[in-house]
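The values are calculated or read from the model by the stated rules, or taken from the named source; none is laboratory data. Bear in mind the structure is a predicted one, so any value in this text is a computation, not a measurement. Because the Cβ atoms are built from the backbone with ideal geometry, glycine has one as well, and the counts that use them run over all protein chains shown. When the accessible area is computed, the model is the full protein with side chains, heavy atoms only, and any ligands, DNA or RNA have been set aside. Shrake-Rupley method; radii C 1.70, N 1.55, O 1.52, S 1.80 Å.
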Amino acid sequence: MSAEAQVGLGWTGRVMQMLQAVWTLVLVNLLFAGGVIVGLVVCGIMPAAVASATVLLRGSSDEGTVRGFVRAYRESFRRANLTGIPLLAAAVLLYADFLVLPALAGPASAALTALATVVASLVVLTAIVTVALLVRYRDTPLALLRYAVAVPLSSPMTAIGVLVALGAFGIIAAIFPVVIPLVGASLPLAVSVRLIDHRLAKIDPQHPAARIAA
């Protein structure tokens, strides 16, 4: 049933739309986990995230969620992994830092922990922006990374919105752990990439959505 037909059914149609949206999030979450496993984790995270974001941003299509995910996963596998190498290296270094920092003592430990937290937040934001860019643009990995670093710094409100959304989901997941296997990856990714994509459409006249609006 089309979205227009569901709206025509009144509150019943709205309930059907909501259930369909929830089912899509659950399905994308399962597909994301499968994509990570297929890529042996290290090589699967970025293409799985790009494929998930592709499905979530572009909505339903004739090929369906599963086929759309698989197609996007295959097409983005090499490019997403090349773009994600610096992000993966940064994540490994930050993980090592957070293992070492608790062993330190005094004011220096607190200052270094705060600095590492800020850097980790920037890395997370850069990674999410990179995923959104990989969905929308065909630039080289280096060009995408430069743009991905600049977007959070030049759009602080969007960056804060993404961090707040991620933090809110973290609190919900801590209270209701059942949401993690259901929408643990798809829901925060859906909210984050939509916020970033909306910002990209405003600042870049070459963005697909901006061209359509024009």
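If you check L122 against the conditions, is it in a helix (DSSP H, G or I), under 19 Å from the mean Cα position of the chain (by Cα) and in contact (Cβ under 8 Å) with a residue 60 or more places away in the chain? Step through it out loud before you land on a result.
Values: in a helix (DSSP H, G or I): yes; under 19 Å from the mean Cα position of the chain (by Cα): yes; in contact (Cβ under 8 Å) with a residue 60 or more places away in the chain: no.
Spelling it out, it is not the case that L122 is in a helix (DSSP H, G or I), under 19 Å from the mean Cα position of the chain (by Cα) and in contact (Cβ under 8 Å) with a residue 60 or more places away in the chain.
Taking the condition modelled with pLDDT of 85 or more, assigned to a helix (DSSP H, G or I) and out of contact with any Gly (no Cβ under 7 Å at 6 or more places or on another chain), does L40 pass?
Numbers: modelled with pLDDT of 85 or more: yes; assigned to a helix (DSSP H, G or I): no; out of contact with any Gly (no Cβ under 7 Å at 6 or more places or on another chain): yes.
Criteria not met by L40.
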Problem set entry | Failed condition for A53, given (1) open to solvent by 30 Å² or more (accessible area, probe 1.4 Å); (2) in contact with a Leu (Cβ under 9 Å, 6 or more places away or on another chain) | (1)
Exercise. Quick one: in segment 125-140, which of the residues that are within 15 Å of the chain's Cα centre (by Cα) and among the hydroxyl-bearing types (S, T, Y) is most open to solvent (accessible area, probe 1.4 Å)?
Worked result: T126
Exercise. Do we find that P152 is at pLDDT below 95, closer than 28 Å to A33 by Cα and part of a helix (DSSP H, G or I) in this structure?
Worked result: yes
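The rows are residues; the columns are (1) at pLDDT 95 or above; (2) touching a Gly at 6+ places or on another chain (Cβ under 8 Å); (3) more than 18 Å from L189 (Cβ to Cβ); (4) not in a loop (DSSP other than H, G, I, E, B).
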site	(1), (2), (3), (4)
T65	no, no, no, yes
R74	yes, no, yes, yes
R78	yes, no, yes, yes
P102	no, no, yes, yes
A108	no, no, yes, yes
